[in-house]
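Heads up: the structure comes next, in structure tokens.
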Amino acid sequence: MPELPTGDVNILQETKGTKDRDPLQMTILEGVFSTIIRCFKRHDAVTIDTPVFELKVPFARYVAMHKIKSIKRYQIGKVYRRDQPAMSRGRYREFYQCDFDIAGDHGLMLADAECLRIIYEVLSELDLGDFVIKINHRRLLDGLFSACNVPSDKFVSACSSVDKLDKIPWEDVRRELCEDRGLSPESADKIGSYVQLTGGLDLVERLESDEHLNNQPSAKAALQEMRLLLDYCKALGIEERISFDLSLARGLDYYTGVIYEAVLKGFTYNPSNSGAELTGSNETNLNSSVKNKKSSKKDKKAKEQLDEDPVTPGESMTVGSVAGGGRYDGLVGMFDSSGTRVPCVGFSFGVERLLAIKEALSNSSDKNKCNVRPTETEVMVAGAHKGLIMQRLQCCQLLWNAKIKATMSHKNHPKLLDQLQYCESTGIPLAVVLGESELARNTVKLRDIQTREEYEVLYTDLVNKIKEVLSTKYHK
């Protein structure tokens, strides 16, 4: 139980490392989750629930404990880390994680390709602008760095430096490789000749003809898999969004095969201005979500937690990574007493980042981009005169029985103007105005809040009229 303040009792704040969400932010959250879950279910996924910790390690334990050989699973929930929070940098102890994984021994690269397709579908439906999905392969990096004469004990640290190419120029990366990682200038230059390359099947063909990589069995096998993956991406209609990027080097103590990262492009924003500073940009900040940790155990617990570095309040910034993942074939076997191997591939969405972007869009001048209301209420039942409490309650009952989303003021004598202004401020499209003279004629007034047009409707026809107006004007 949190300690009660002993000093000024008027100082109220969230628990350290956490944050509140207001109704508008929760509406955005529900909308984002609804889009994501709808896509997951479209791809035959089921959901599970595991004890609170984080999502990936409990999933592997669940698969091993229940002897599951094949499953498509998604899971969304709050996760926690024991960490010193940095609220000014947007680093929290409590945050949302959203995982999708396919476990099982399937055809080569088929599950990997479907994961990329799901990321493509979700980002397209969220309508956040242009994006690219970068892909690479762990075993290709093994062969590439070996061909560049990088000692095996320096592989992870060298990859950590290369992974910064999305943030700093090659000259700075090269300096770090030589001065901090202890590589020779010749090795660094060889690395630079590879890791600045991007492309598609053309890059696969170029690397397949590289004499240095041809001497690396791991690289040759990885390139065959990348060729197949890109062919499958073409069949799935997503090849235009895929970029084979040799600088992508994330989670290398964790992943065993393909790795990927989705990056939003095209605009920046200043979170401190609630999205008012939404602007165009040609830059991208391709943030790797999982850096190479000193401990592989820590990496396994972290996997693709993109939300460890969400948007930074107070700074204009490019958006960067919003999803990342890859193939991890060794984790389930760690939990199985017999060491049974269950191959897995999956990804996480950077939920906190997606929510921050949607919030920025909802508060920007481009209201059509993300028009969000805090409620879904369709009708306000308003009284034109004092009282009319029973009549308002009975009208609400009529609408609720018809599954119409309705509300009324809980004041005994609400002013009509206040009730109509509430509709305007919350986006409620219609108001049923009850007046004594109209009720005496068994009628009510139905008011369109936006156009201020009014209809006098028979009470017995009210439900049908409301549904007609909603379907023709507001539910298109």
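The values are calculated or read from the model by the stated rules, or taken from the named source; none is laboratory data. Owing to the predicted nature of the structure, the values given are computational and were not obtained by experimental measurement. In this analysis, Cβ positions are derived from the backbone assuming ideal geometry, glycine residues included, and neighbour counts consider all displayed protein chains.
Things to note:
- With a requirement of 3 or more residues that are buried (at least 16 other Cβ atoms within 10 Å of the Cβ), the helices (runs of 4 or more DSSP H) lying completely within segment 363-476 that satisfy it span 389-401, 416-426, 462-469.
- Of all residues in segment 94-127, those that are assigned to a helix (DSSP H, G or I) and in contact (Cβ under 8 Å) with a residue 40 or more places away in the chain total 16.
- The single condition among (1) closer than 26 Å to Gly333 by Cβ; (2) modelled with pLDDT of 95 or more; (3) more than 20 Å from the chain's Cα centre (by Cα); (4) not in a helix (DSSP H, G or I) that Glu261 does not satisfy is (3).
- Check on Asp49, at pLDDT below 95 and under 20 Å from the mean Cα position of the chain (by Cα): yes
- Listing of helices (runs of 4 or more DSSP H) fully contained in segment 190-255 that carry 2 or more residues being touching a Gly at 6+ places or on another chain (Cβ under 7 Å): 217-235
- Failed item in (1) modelled with pLDDT of 85 or more; (2) surrounded by 15 or more Cβ atoms within 10 Å (Cβ to Cβ); (3) not aromatic (Phe, Trp, Tyr), with Arg38 passing the rest: (2)
- For segment 446-453, the criterion of a residue being closer than 28 Å to Asp22 by Cα and in contact (Cβ under 8 Å) with a residue 24 or more places away in the chain is satisfied by at least one position.
- All conditions but one from (1) free of Cβ contacts under 8 Å to residues at least 40 places away in the same chain; (2) in contact with a Cys (Cβ under 8 Å, 6 or more places away or on another chain); (3) not polar (S, T, N, Q) apply to Glu205; the one that does not is (2).
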